[in-house]
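Following: one structure in structure tokens, then a few remarks.
Read the figures in this text as sums done on the coordinates, not as results from a lab. As the structure is a computational prediction, the values presented were derived from the model and not from experiment. Note: ideal-geometry Cβ built from the backbone for every residue, glycine included; neighbour counts use all protein chains shown.
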Amino acid sequence: MVSSETLRAEAAAVGGDLASGAPLAQQFIKSGLSRSTGMTFEQALRFEGQAQAVLVSTEDVTEAVNASRAKRAPVFRGR
């Protein structure tokens with residue numbers, strides 16, 4: 001629960017977290033959520049597997065691993 005006094009700051013923090021995320025992964029998440037109501041469980045699993053197969057080969061995954069190893073925040077480029 002967020003108080004009305006801290007709502008603006010909390011919303012800005014959440015927005016900042018989302019904006020700094022990996023854009024390609026977020027696209028797949030949004031697409032999956034949009035489609036999910038019309039999918040069976042098996043279709044959803046297949047979509048997830050396909051998304052992971054695409055995303056694992058992106059530069060953003062390499063950046064995430066390198067940033068984690070270097071103990072720094074990742075800089076995602078959507079590639």
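Descriptive notes on the structure:
- Residue 70 being of a type in the set (A, V, I, L, M) and in contact with a Ser or Thr (Cβ under 7 Å, 6 or more places away or on another chain): no
For every residue, the table says whether it meets (1) in a helix (DSSP H, G or I); (2) in contact (Cβ under 8 Å) with a residue 40 or more places away in the chain; (3) loosely packed, with under 12 Cβ neighbours inside 10 Å.
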| site | (1), (2), (3) |
| --- | --- |
| 4 | no, no, yes |
| 12 | yes, no, yes |
| 25 | yes, no, no |
| 28 | yes, no, no |
| 32 | yes, no, no |
| 46 | yes, no, no |
| 51 | yes, no, no |
